[in-house]
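Notes follow once the structure below has been shown.
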Amino acid sequence: MRKTTAAFMALFALTLVTACGASGGDKKADTTTTTAKASGDGSTTTTTEAAGTGVAVDDWAVAFCGSFKTWISDIQSASSGVSSDVTAGDLASAKTAIVKLFTTASSRTETLIEDVDKAGVPDIDKGDGLVTDLKGKFQDFDDAILAAKSDADALAVDDPTAFKADVQTLLDTFQAETQKVGDSFSELDAKYNSQELNDALNQHCGT
């Protein structure tokens, strides 16, 4: 799961740079898109102790992974549509497209948090704590998105050079903040060791 989240961050960063480039910037900003670490390599949980209550682990994984995949798909779709929303050389349209993307990402993340809550508690030791912490991680991600959206709303569009620099600063800050959130998912791997849940997530999330 951490790997998929990191890959999503890289996609999000690339989309922002694309919007900036379409507004009249050069290709230089493209080199920064690779700084979002899309190679999170420690995603998974290990060993389990069933708590004897809650939602069957496989059923919970099916529900969670369905919502998680929808989240990724929806934001990928929104990201792929950014270029069509930007008129070449038009800074205002680039700003609008960036703000729209952040708005969509936040909305979909809030829906994901609701879905995780509705999925219930998996039948593992401290499953309730896992759900609480998982929602907290996605809330942190949403907070980073909303902070970036606020910065995007304040972008000035009267100077192409300044606009490009401001978008790059926004991008760098967003990458740093969301990377912290993505890396923090490893805390859940260590805190909730369930081989059964790990296997179910690997099977149904396909990541």
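Laboratory data are not the source of any read-out in this text; all were calculated from the coordinates shown. Keep in mind that this is a model prediction, so the values were computed, not measured. With ideal geometry, Cβ positions are generated from the backbone for all residues, glycine too; neighbour counts draw on all protein chains shown.
With a point put 7 Å past each Cα toward its Cβ, work out how far V157 is from S80 in nm, to one decimal.
My value for the distance between the label points is 2.6 nm.
Determine, for each peptide in 115-122, 152-159, the mean count of other beta carbons within 10 angstrom over its residues, then list the peptides with the highest first.
Most protected by this proxy first, the peptides run 115-122, 152-159.
At a Förster distance of 35 Å, what's the computed FRET efficiency of D90 paired with K135, Cβ-Cβ distance as r, to 0.05? Can you show the working numbers first?
Details: r = 39 Å, r/R0 = 1.11.
Efficiency, rounded to the nearest 0.05: 0.35.
Given a Förster distance of 25 Å, report the FRET efficiency between T53 and T111 from their Cβ-Cβ distance, rounded to the nearest 0.05.
In this case the efficiency is close to 0.40.
Using a Förster radius of 22 Å, what is the FRET efficiency between D143 and Q203 based on their Cβ-Cβ separation? Nearest 0.05, please.
About 0.10, to the nearest 0.05.
Principal axes first, then extents: for the Cα atoms of the range 61-116, list largest minus smallest coordinate on each axis, whole Å, largest first.
Each principal axis gives a Cα extent; for the range 61-116 these are 46, 16, 7 Å.
Find how many whole Å separate the alpha carbon centroid of the range 57-110 from the alpha carbon centroid of the range 159-207.
15
Taking 22 Å as the cut-off for C-alpha to C-alpha distance, list the pairs among K95/K149; K95/K164; K69/K137; K69/K164; K69/K135; K149/K180 that go past it.
Long pairs (Cα-Cα over 22 Å): K69/K164.
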